[in-house]
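Inspection log for the structure reproduced underneath, given as structure tokens.
The values are calculated or read from the model by the stated rules, or taken from the named source; none is laboratory data. Since the structure is predicted, the reported quantities are computational estimates derived from the model, not experimental observations. Don't worry about glycine lacking a Cβ; one is built from the backbone with ideal geometry, like all the others, and counts go over all protein chains shown. The accessibility values were calculated without ligands, DNA or RNA, using every heavy atom of the protein model including side chains. Shrake-Rupley method; radii C 1.70, N 1.55, O 1.52, S 1.80 Å.
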Amino acid sequence: NAESEVLDDWGERFREIIRPEACTMEFLNSQDIKMNMLHDRALTIARCNKGEGSLRLSVDEKGVNFEFEAPKCDIGDRALALIKNGTYTGCSFEFYAKDYKITNRAKEGENEDLLITHEAFERITALTIAMDPAYEDTSVAVREDWEGLSKNEERLKQEEDDAREARHVLGERVREIGRECAILEAATE
């Protein structure tokens with residue numbers, strides 16, 4: 001229900017609005033949606049195919065939300081770095097229109113002021129991380145994997161506990177060897 005920035009398709013300038021009923025969870029779960037960077041399929045970093053995959057989608061009153069774990073590769077590392085440093089700030093998507101209406105909101109004598117209202121999509125093929133999104137209200141951010149961090153912290157704590165126990169056992173053994181050496185010295189004197 002938010003208007004896009006002015007878009008330009010081969011010289012025809014317009015704005016778009018997407019109605020909430022165009023992107024229901026049921027509809028999204030029927031699609032094969034890729035997560036790309038800059039609308040480039042060579043830069044695909046996640047995928048949700050009929051509700052399954054590395055790209056997780058949800059819908060709320062503001063729109064479609066997504067999350068994915070960036071793959072540990074050049075593309076995933078690049079996406080994380082460029083989101084963290086503020087180069088990529090928003091999102092866009094690729095779709096095939098189905099039900100829409102076009103309204104010219106221009107007053108007489110003005111240039112056209114076209115508004116395309118999308119009621120339904122035929123398909124959504126991709127979401128994309130973007131520098132200059134058509135919808136300013138979109139955002140993208142990196143957050144830490146808290147579950148992974150917690151598991152890592154638990155592992156590190158266990159390793160520290162194990163190392164402390166090993167030092168204690170080693171210390172006891174050194175003292176025992178020291179006592180045995182003192183006994184041997186006393187016996188040889």
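Figures for the structure shown
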read-out	value
Contact order relative to length of region 48-166, as percent, for alpha carbon pairs under 8 angstrom and 6 or more apart	23
Under 5 Å, built H, 5+ apart or other chain: amide partners of TYR100	GLU119
Estimated inter-spin distance, ARG164 and ALA182, nm [label 7 Å along Cα→Cβ]	2.8
The chain: angle of helix 146-188 to the longest principal axis, Cα-based, in degrees nearest 10	10
Sulfur and carbon atoms: percent of accessible area, the chain [1.4 Å]	50
Contour excess over end-to-end distance, with Cα ends at ARG41 and SER139 and 0.36 nm allotted per residue	33.3 nm
Cross-link partners of LYS72 among lysines (Cα-Cα below 23 Å; sequence separation of 8 or more within a chain)	LYS34, LYS84, LYS151
ILE18 long-range amide H proximity, modeled H, under 5 Å	ALA2, HIS118
Net lengthening on full extension, GLU61/LEU156 (0.36 nm per residue, minus Cα-Cα)	30.1 nm
(1) 13.4; (2) 17.1; (3) 11.5, with the label sought being that of the calculated mean projected area of the Cα convex hull in nm²	(2)
Charged-residue dipole, Cβ positions (Lys, Arg, Asp, Glu), the chain about Cα centre, Debye nearest 20	260
Three-way shape call for region 1-87 based on the alpha-carbon gyration tensor, with the a/c threshold at 1.5	oblate
Aspartates and glutamates whose Cα lies under 15 Å from that of LYS50, excluding same-chain neighbours fewer than 8 positions away	GLU26, ASP32, GLU122
